[in-house]
Structure formats: structure tokens, C-alpha cells
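Presented below is the structure to which this report refers.
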Amino acid sequence: QVQLVESGGGLVQAGGSLRLSCTASGLTFDDYTMGWFRQAPGKEREGVSCVNRSGGSVYADSVKGRFTISRDNTKNTLYLQMNSLKVEDTAMYFCAAVRRPDCSVFWRNVGTFAYWGQGTQLTVSS
């Protein structure tokens, strides 16, 4: 029913840029707050960024100033523009959706989000 499909991952050199996309189907996209999470081998899944239904956004300190989250409600698509990439950004990146009006204080919690994509791999080389 509900599907989230990420794309845009790949291999990039440190200092480079990449844009991830997440296309949603089976839901009314503008009713959902959307998030990006990432998970590196041996580590827990962590929140990267969140954007609310009207475009307001929040970021983890580790990516603030380098990453930009955005959404196009006419295309049912979520984006993550990643600049000045670092080796430590290497991870599987997941998009997620929850039917809430905003990110609030709960956006970093995996359990907040009801729907998840399959993930797309980002590898940053030195």
C-alpha cells in the first residue's frame, strides 16, 4: 500500500556533493512529516533531518550547514542535498514518513515514523 523508494546514493569523494530522493506513493503526501535517517555498520540508526508538512526543517548537529532537506508536494518527493561530504557520512540512508503536523521533539526517534523506505547507500572516500 504505502511505499517509500529512495534513490541517488553512490560513491563520492570527500568534499563532494550528492542529492538523495525519496518518492512516496499510497499516501496523501502533504499530510505527512518526513525524515531522513542513516545507519552505518555496527551502529544504531540515527536521525539526520526532518521536514514538516509546510517545509519547516531541523537537522542533526553533525550535518547542519552541509545538508539541506526539502520536499516537493506536487511530486510526492522528499530530497536531501548533501554538500561538503565527509568520510563519516558513509551509511545507508533511509527516508521515513509519519502522519504528524511537525517534527516536534520526537523526530530523532525511529519509533515516531510509521513508514520506511528500503534505503540507499552512500559511500564517501578519502
**Study point:** Isotropic mean projected area of the C-alpha convex hull, segment 15-65 (nm²)
**Key:** 5.0 nm²
Review point. Kirkwood Rh over Cα pairs of the chain into Stokes-Einstein at 25 °C, 0.890 mPa s: D in µm²/s?
Key: 172 µm²/s
Practice item. Please give the contour-minus-distance gain from K43 to S7: 0.36 nm per residue of separation, less the Cα-Cα distance, rounded to one decimal in nm. Key: 10.8 nm
Check your understanding: Reachable lysines from K86, Cα under 25 Å, same-chain residues fewer than 8 places away excluded?
Key -> K43, K64
Practice item. Count the net charge of all other residues whose Cβ sits under 15 Å from the Cβ of P101, scoring Lys and Arg as +1 and Asp and Glu as -1. Key: +1
Exercise for review: Give a quick list of GluC sites (Glu not before Pro) in segment 1-88 that DSSP marks as loop, anything other than H, G, I, E or B, with at most 14 other Cβ atoms within 10 Å.
Suggested key: E44
**Study point:** Solvent-accessible area per residue for the chain (1.4 angstrom probe, square angstrom)
**Key:** 50 Å²
Check your understanding: Of G55, G26, G47, which has the largest mean-square fluctuation in a 10 Å C-alpha GNM of the chain?
Key -> G26
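The values are calculated or read from the model by the stated rules, or taken from the named source; none is laboratory data. Predicted model, so just to flag it, every value in this text is computed and none were measured. Because the Cβ atoms are built from the backbone with ideal geometry, glycine has one as well, and the counts that use them run over all protein chains shown. Just so you know, the surface numbers come from the protein's heavy atoms only, side chains and all, with ligands and any DNA or RNA stripped out. Shrake-Rupley method; radii C 1.70, N 1.55, O 1.52, S 1.80 Å.
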